[in-house]
Amino acid sequence: MSRVVSRIAVSLDGYAAGANQRREEPLGDGGERLHEWAFTDPVAESDADILARSTENVGAYVMGRNMFAGPGDGAWDPEWRGWWGEDPPYHVPVFVLTHHEHEPLPMQGGTTFHFVTDGIDAALERAWEAAGDRDVHVAGGASTVQQYLAAGRLDELLLHVAPIVLGAGERLLENVGDPKLEPVEVVASPAVTHLRYRVMR
């Protein structure tokens with residue numbers, strides 16, 4: 001059965017992005033450090049296993065506009081095609097939450113970005129339809145994960161907790177109410193701690 005899952009990196013003080021997010025630094029000041037554990041050479045075996053499992057059985061993604069295009073909420077830049085080049089790493093349909101119409105954007109490798117203007121429920125319904133019996137992954141950013149968690153639409157939350165303190169930026173777990181989180185798994189390496197929770201209803 002399809003699940004709705006989110007896997008996102010946070011600092012020890014709870015930020016999923018640093019302060020001063022901008023096109024040149026979409027994760028804000030120091031935010032790139034949240035993901036250093038995934039790009040070390042070699043990646044620790046436990047971290048590599050978590051990364052491999054993170055993409056298993058994913059049939060569609062949902063993301064916010066900022067994750068696709070960076071900070072800002074005006075009209076679309078018609079030349080912008082995302083951060084990932086012509087072959088993004090998703091390889092399945094991606095549904096982007098936005099307030100501005102945009103034609104679907106097919107890319108290499110099986111990724112097509114679809115732009116949804118009628119809210120998180122509509123995006124999730126379309127993602128479920130595209131995913132079939134596979135999982136829907138709410139990729140981020142923080143505001144998008146917050147909305148799905150607050151609405152009770154997540155089944156699982158996996159936090160990659162990096163051993164850094166950002167001090168300011170975009171907190172992940174603000175404005176989410178009081179979700180009931182059941183610890184499922186803890187995996188630690190010298191670079192990061194992975195905390196997996198089942199979201200209880």
Members of segment 99-141 found to be of a type in the set (Val, Ile, Thr) and under 15 Å from Arg3 (Cβ atoms), listed by number | Val136, Val138
Within the bounds of segment 115-136, is there any residue that is under 12 Å from the mean Cα position of the chain (by Cα) and either within 12 Å of Tyr61 (Cα to Cα) or surrounded by fewer than 18 Cβ atoms within 10 Å (Cβ to Cβ) (or both)?
-> yes
Apart from one, (1) among the small types (Gly, Ala, Ser); (2) in contact with a helix residue (DSSP H, G or I) (Cβ under 9 Å, 6 or more places away or on another chain); (3) in a helix (DSSP H, G or I) all hold for Ala127; the odd one out is (2)
Please state which one of Leu105, Leu159 is on the phi < 0 side of the Ramachandran plot, under 17 Å from the mean Cα position of the chain (by Cα) and touching a residue at least 24 places away in the same chain (Cβ under 8 Å).
-> Leu159
Residue ID - surrounded by the most Cβ atoms within 10 Å (Cβ to Cβ), chosen from residues in segment 143-155 that are of a type outside the set (S, T, N, Q), outside any loop (DSSP other than H, G, I, E, B) and touching a residue at least 60 places away in the same chain (Cβ under 8 Å) = Val145
Conditions (1) modelled with pLDDT under 95; (2) within 25 Å of Tyr197 (Cα to Cα); (3) in contact with a helix residue (DSSP H, G or I) (Cβ under 8 Å, 6 or more places away or on another chain): number failed by Val58 = (1)
Boolean, His114 is under 24 Å from Trp76 (Cα atoms) and assigned to a loop (DSSP other than H, G, I, E, B) | no
Can you find even one residue in segment 21-32 that is of a type in the set (A, V, I, L, M, F, W, C) and at pLDDT below 95?
-> yes
Considering Arg53, Arg65, Arg22, which residue is free of Cβ contacts under 8 Å to residues at least 60 places away in the same chain, of a type in the set (D, E, K, R) and closer than 19 Å to Val187 by Cβ?
-> Arg53
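The values are calculated or read from the model by the stated rules, or taken from the named source; none is laboratory data. What you see is a predicted model, and the numbers here were worked out from it, not measured in a lab. Here the Cβ is made from the backbone with ideal geometry for all residues, glycine too, and neighbour counts use every protein chain on show.
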